[in-house]
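**Q** Structure below; questions to follow.
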Amino acid sequence: ALPHPLTVLKDVTARLPVLAYPRNQELPAIIKGACQKLDHYPQSVEEFVEHLSFLGKMSQEMAALEKVYTIVTKLYTIARDFEVQIEPEELALYQTLSPTFQHLKTIILYAEAKKDDNIRKFSSDLNHLISSIRSRITDIKNRVQDPVLLSGDTMASTALEKVSILTE
């Protein structure tokens, strides 16, 4: 025996908002968070490494996000087609989903396109940092090789004073 069509419609009307709402809340939050992270241009090598890592993660997760996006879109299309009552705030949030999702896809494409240029820029920055560190290490090494510190005849108090000066 087939269920009465009005019973099925009533069940769909009751359950559809319950299924759609959590996904409609979660997906825009994920997308907005990702957009904020990817929109921020890294200022340091450390931030750039984090940016690249997050870009890779988001690129891998796009298929899963696309799947959830499609599910949410289908749920709200069914709701519209069957005139299911949706709260105005929830509907407004859903209406921002498509542009927000397209914005994320655009940001990812742009970041991927700029990745090689940014790698070159931050590689150069990293090389400057490495040169600076080497220079500081050489300077410290030269200062530590002070004859006063290396001499076995130096008194402990004099050596400690010299080391104290070097650590400043």
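**Q** Would you mind counting up the charge near Pro22? Only other residues with Cβ under 13 Å from its Cβ, with Lys and Arg at +1 and Asp and Glu at -1.
**A** 0
**Q** Within the stretch 82-109, which residues have the backbone N less than 17 Å from the label spot 7 Å out from Thr13 along Cα→beta-carbon, could you tell me?
**A** Counting backbone N atoms under 17 Å from the label point, the list is 82-88.
**Q** Pulled fully out, how much extra length does the chain show between Arg136 and Ile119, if you take 0.36 nm times their separation in residues and subtract their Cα-Cα distance?
**A** Stretched fully, the Arg136-Ile119 segment lengthens by 3.6 nm.
**Q** What is the sum of charges around Lys162, taking Lys and Arg as +1, Asp and Glu as -1, for the other residues whose C-beta is under 12 Å from the C-beta of Lys162?
**A** -2
**Q** Another question, then. Averaged over every viewing direction, what's the projected area of the C-alpha convex hull for the chain? Give it in nm², one decimal, please.
**A** Reported value for the Cα convex hull: 18.0 nm².
**Q** Per DSSP H run of at least 4 residues, take -39500 (n - 2.57); add these up for the chain, divide by its residues and hand me the 222 nm value, nearest 500 deg cm²/dmol.
**A** Rounded to the nearest 500, it is -31000 deg cm²/dmol.
**Q** If I compute solvent accessible area with a 1.4 Å probe over the protein chains, what percent of it on the stretch 55-168 is carbon and sulfur?
**A** Ligands and nucleic acids excluded, carbon and sulfur give 58 percent.
**Q** Please go through the stretch 33-127 and write out the chymotrypsin sites (Phe, Trp or Tyr not before Pro) that DSSP classes as loop and that have at most 13 other C-beta atoms within 10 Å.
**A** Phe82
**Q** Counting only heavy atoms of protein chains, what accessible area per residue, in Å², does the stretch 16-121 have with a probe of 1.4 Å?
**A** Ligands and nucleic acids excluded, the figure is 63 Å² per residue.
**Q** If I ignore ligands, DNA and RNA and count only protein heavy atoms, how much of Ile165 is accessible to a 1.4 Å probe, in Å² to the nearest 10?
**A** 100 Å²
The values are calculated or read from the model by the stated rules, or taken from the named source; none is laboratory data. Predicted, not measured: the structure shown is a model, and the values here were computed from it. Because the Cβ atoms are built from the backbone with ideal geometry, glycine has one as well, and the counts that use them run over all protein chains shown. Please note that ligands, DNA and RNA were not included when accessible areas were found on the heavy atoms of the full protein model with its side chains. Shrake-Rupley method; radii C 1.70, N 1.55, O 1.52, S 1.80 Å.
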